[in-house]
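For reference, the structure discussed in these notes is given below.
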Amino acid sequence: MMEVAKKAAFAAAEVLLENFGKITRSDIREKSKNDFLTFVDEKSENTIMDIIHGAFPYHDILAEETGGKRQESAYKWIIDPLDGTKNYISGIPIFGISIALMYNSKIILGVVLDPVHDELFTAEKDQGAFLNGTAVTVSSKDHLKTCLLATGFPFKNKNFLQAYSDSFKDIFNATSGVRRMGAACIDLAYLAAGRFDGFWELGLSPWDVAAGSLIIKEAGGVVSDFWGAADYLYKKYYVASNGLIHDQILKILHHHFPRFVKIE
């Protein structure tokens, strides 16, 4: 299954790289306000789905653009064929492909590929996390003041902008810095490799975080919602860290997000 996931990711990468820098305004559609789509997203997704279903025709697939295919299997692949579409169409070389596999609602495999920098992050449950075949672990920093965090703006949920901005201000002031890469799967992969120490964002979907979450956990990190609960995948409130600073991040977020409010 891992070999199929990697094969699908590299095939999709060929699609992305072949078309990078060639997108025109006529190629871009707006799925919803501030949320964009190109033929490349669709071609990449179809490429991944064709390879997976060629190997496992009865597995379920949850995919960002098409919705995927449901066949009532215990196995479900969760796919983001191009995370960082706005970067991609703007010619910014920070985007990735995310592929995860669930078995009986537990994520057992994760692949994140950064095609521009040729970095493949992988993990299988209870087998550790790897970057291009070499084991990686999260950082060992234990206080926010020494940490570099990543985040993403709630561009699809601007009614949460004030609370998010307030949390950003407090986290920014408490840390050594914050970065906004524009591709959640890359943020999470970097965290697993110890480049970032923590991450928080709201409004994310399962395909944004499924693969990266397993890679972080297998690298020794922690993933939760804004209140520390482990059922983060569908809640849209997402926090990840090296584990040592997790409670420090949650304490700040609790102040600005004291209770769960459903995000559409």
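Every number in this text was worked out from the coordinates using simple rules, so none of it is lab data. All values reported here derive from a predicted model rather than from experimental measurement. Don't worry about glycine lacking a Cβ; one is built from the backbone with ideal geometry, like all the others, and counts go over all protein chains shown.
Remark: relative contact order (the range 131-201) = 52 percent; criterion is Cα-Cα distance under 8 angstrom and separation of 6 or more residues.
Please state, as a whole number in µm²/s, the translational diffusion coefficient that the Stokes-Einstein equation yields for the chain at 25 °C and 0.890 mPa s, with Rh defined as the Kirkwood radius across alpha carbon pairs. Write out the running numbers ahead of the final one.
Values: Rh = 18.4 Å.
Result for D is 134 µm²/s.
With contacts taken as Cα pairs under 8 Å and at least 6 residues apart, the chain reaches a relative contact order of 16 percent. Each principal axis of the Cα atoms in the range 144-256 has its own extent, and those three values, largest first, are 33, 30, 25 angstrom. Report summary: the helix-based calculation at 222 nm, which adds -39500 (n - 2.57) for every DSSP H run with n ≥ 4 and divides by the residues of the chain, gives -10500 deg cm²/dmol.
Full extension of the chain between residue 18 and residue 118 gives 34.6 nm of extra length, using 0.36 nm per residue less the Cα-Cα distance. Computed from point charges on the beta carbon alone (+1 for Lys and Arg, -1 for Asp and Glu), the dipole magnitude for the range 2-136 about its Cα centre is near 240 Debye. Could you check the simple spin-label distance between residue 135 and residue 56, using points 7 Å along Cα→Cβ, in nm with one decimal? Each label point lies 7 Å from its Cα, and together they span 2.6 nm. Across the options 109, 186, 155, the greatest Cα extent toward the positive end of the charge dipole of the chain (unit charges at beta carbon of Lys, Arg, Asp, Glu) belongs to 155. Counting only DSSP beta bridges whose two residues both lie in the chain, roughly 80 percent are antiparallel.
Averaging the sequence gap over all C-alpha pairs within less than 8 Å and six or more residues apart, then dividing by the number of residues, gives the range 2-136 a relative contact order of 20 percent.
Mind putting a number on the dipole of the chain about its Cα centre? Charges go on the C-beta only, +1 for Lys and Arg and -1 for Asp and Glu, and I need it in Debye to the nearest 20.
Values: 28 positive and 33 negative charges, 143 e Å.
For this selection, approximately 680 debye.
Which order do peptides 205-213, 58-66 fall in by mean Cβ count within 10 Å, highest first?
Details: 205-213: 26.0, 58-66: 18.8.
With the highest mean Cβ count within 10 Å placed first, the list reads 205-213, 58-66.
Relative protection proxy for 253-262, 119-128, from highest mean packing down: 119-128, 253-262 (other beta-carbon atoms within 10 angstrom).
Let me know the charge dipole size of the range 142-264 about its Cα centre in debye, to the nearest 20, where only the beta-carbon of Lys, Arg (+1) and Asp, Glu (-1) is charged. Let's see the in-between values first.
Working: 13 positive and 12 negative charges, 60 e Å.
Taking the Cα centre of the range 142-264 as origin, the dipole is about 300 debye.
Take 200, 77 and order them by how many other Cβ atoms sit within 10 Å, fewest up front. Write out the running numbers ahead of the final one.
Working: 200 25, 77 28.
So the residues, fewest neighbours to most, are 200, 77.
Sorted from greatest to least, the principal axis extents spanned by the alpha carbons of the range 2-136 come out as 43, 35, 26 Å.
For the chain, hydrophobic long helices are taken as DSSP H runs at least 20 Å long by C-alpha position along their axis with mean Kyte-Doolittle hydropathy of -1.0 or more; these are 2-19, 39-55.
In this structure, residue 264 and residue 74 have a Cβ-Cβ separation that, at R0 = 30 Å, corresponds to a calculated FRET efficiency of about 0.55.
Ranking 23, 249, 133 by how far each Cα lies toward the positive end of the dipole of the chain (charges on Cβ) leaves 249 at the top.
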